[in-house]
Amino acid sequence: MPPVFRFAPSPNGYLHLGHAYSALLNHDLAKQSGGRLLLRIEDIDATRCRPEFEQAIYEDLAWLGIAWETPVRRQSEHFAAYGAAIDRLAAQGLVYPSFESRAEVARLVAEREAGGAWPRDPDGAALYPGAARSLSAEQRDRLIGQGAPFALRLDMAAARARTGGLRWQEAGEGPAGETGEVTARPEAWGDVIMARKETPTSYHLSVVIDDALQGVTDVVRGVDLFWSTSVHRLLQELLGLPVPVYRHHALIRDGAGQKLSKSTRATGLRELRAEGAGPADIRRLVGLP
C-alpha cells in the first residue's frame, strides 16, 4: 500500500510561510514515495474558525501547486466519531468531569505556586491542579444535573496504569535532536482535556481518530508538536489505533527568531502573492528545492 500523508491546518487565520513549508514538505514526500496526500480541515473551534479562512486555504494551496484528494475531511462534521471514542475511554474508567472554570484553574495554580514550583507541561502550561478526580459519582451527577459546565479530562495515572512503555518512530528530529525510536512521556501533560461542553472533542483526541480513520501512515508536522506525540501514542494504545511514523520538522521563524503566527502579515502567503511572489519564491524562502 502507498504511504498516506496529510496536511491539517485550522481555518482560524490566513496561511503563512510556516504553513507553506509543512504543506510543501508533505506534498513533496508524497510525490517522491508514490504516496497519497490528504487535506484535513481542523475546525473544531467554532469561535475562531471561519469559512473565509477555509476558502483561503484551498486557494493558497492550489496557488502553491499542491493537489490533494477529495473529499476533504472537516472535523466539525465528525463530532459523533470523537464522542464514540470518549465513550470507549469512559467505559474503561479513564475520563472524569472537572467543573472549574479557566479562571478558577488559574487561581488554583497561583495558590499552588505560592507554596513552591508547580509542574508545567512541555508547552509551558500549568498541569491541572484541581481535585475533581476525587469527587464521588454522586457528587459528579449532582453537579451535572444542576447544569454546571464541565470539561472531560483523561485520568492520566489510570491511563498509564493500563499501558506499558510507549514509543514512536521519529523520522525527523525533536527539539533536542531526538530521532529514531523515541520514548513517549504522556504523564508530562497531566490530566489533559478530552472535550469541553462548548467543544465536544479536543485536538489530541480528534487528531488520532482522524489519522486512524483516514489511514494516515506518515505524520509530517512542526517540531512544536513533537511532545504532543506522547499523548497521541497513549490514546492510540488505549483505543487500539494504528501508529503512524512521525516526522517533525523545524519551524520557519521571523527575523527575531520567533515562531510565525497567523497575524504575521509580512510572512502571509496572501500578502507575499500580492507583492508579486510566485510559488518558486515561496519554496526558496522556506528552503525547499
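Which value, in debye to the nearest 20, gives the size of the charge dipole of segment 116-266 about its Cα centre, when Lys and Arg are +1 and Asp and Glu are -1 at the Cβ?
For this selection, approximately 360 debye.
Of Asp123, Asp45, Asp224, which has the largest mean-square fluctuation in a 10 Å C-alpha GNM of the chain?
In this elastic network of the chain, the residue with the biggest mean-square fluctuation among Asp123, Asp45, Asp224 is Asp123.
When the Kirkwood hydrodynamic radius is evaluated over all pairs of different C-alpha atoms of segment 96-215, what value in angstrom, to one decimal, is obtained?
16.6 Å
Quick one: helix 228-239 against the long Cα principal axis of the chain, what's the angle to the nearest 10°, folded into 0 to 90?
Relative to the chain, helix 228-239 is tipped by roughly 60 degrees.
What does the charge dipole of the chain about its Cα centre add up to, to the nearest 20 debye, if the Cβ of each Lys and Arg holds +1 and the Cβ of each Asp and Glu holds -1?
40 debye
For Tyr58 and Asp123, what does the FRET efficiency come to when R0 = 25 Å and r is the distance between their Cβ atoms, rounded to the nearest 0.05?
It comes out at approximately 0.25.
Taking GluC sites (Glu not before Pro) as exposed when DSSP calls them loop (any state but H, G, I, E, B) and at most 14 other Cβ atoms lie within 10 Å, what is the longest stretch of the chain free of them, the sites themselves excluded?
In short, 1-197.
Counting Lys and Arg as +1 and Asp and Glu as -1, what is the net charge of the other residues whose Cβ lies under 15 Å from the Cβ of Gln169?
The answer is -3.
Suppose R0 equals 25 Å. What FRET efficiency, 1/(1 + (r/R0)^6) with r the Cβ-Cβ distance, do Thr70 and Lys31 give to the nearest 0.05?
0.90
Put a dot 7 Å past each Cα toward the Cβ at Ser261 and Thr183; how far apart are the dots in nm?
Taking the two extended label points, one gets 3.6 nm.
State, to one decimal in nm, how far the label point of Asp254 lies from the label point of Asp224, with both points 7 Å from Cα in the Cβ direction.
Here the answer is 1.2 nm between the modelled labels.
Please find, in a Gaussian network model of the chain (springs between Cα atoms separated by less than 10 Å), the residue of Ala62, Ala184, Ala23 whose mean-square fluctuation is greatest.
Of Ala62, Ala184, Ala23, the most mobile in the Gaussian network model is Ala62.
Among Ala212, Pro200, Ala277, whose Cα sits farthest toward the positive end of the charge dipole of segment 177-289 (+1 at Cβ of Lys/Arg, -1 at Cβ of Asp/Glu, about the Cα centre)?
Of the listed residues, the answer is Ala277.
For Leu37, what charge total do you get from the other residues with a beta carbon under 11 Å from its beta carbon, if Lys and Arg give +1 and Asp and Glu give -1?
Local charge sum for Leu37: +1.
Is there a quick way to get the dipole size of segment 1-160? I mean about its Cα centre, with the Cβ of Lys and Arg at +1 and of Asp and Glu at -1; what is the value in debye to the nearest 20?
360 debye
Readers should treat all values here as calculations from the given coordinates under stated rules, not as data from a laboratory. Keep in mind that this is a model prediction, so the values were computed, not measured. When we count neighbours, we look across all protein chains shown, and the Cβ atoms used for this are built from the backbone with ideal geometry, even at glycine.
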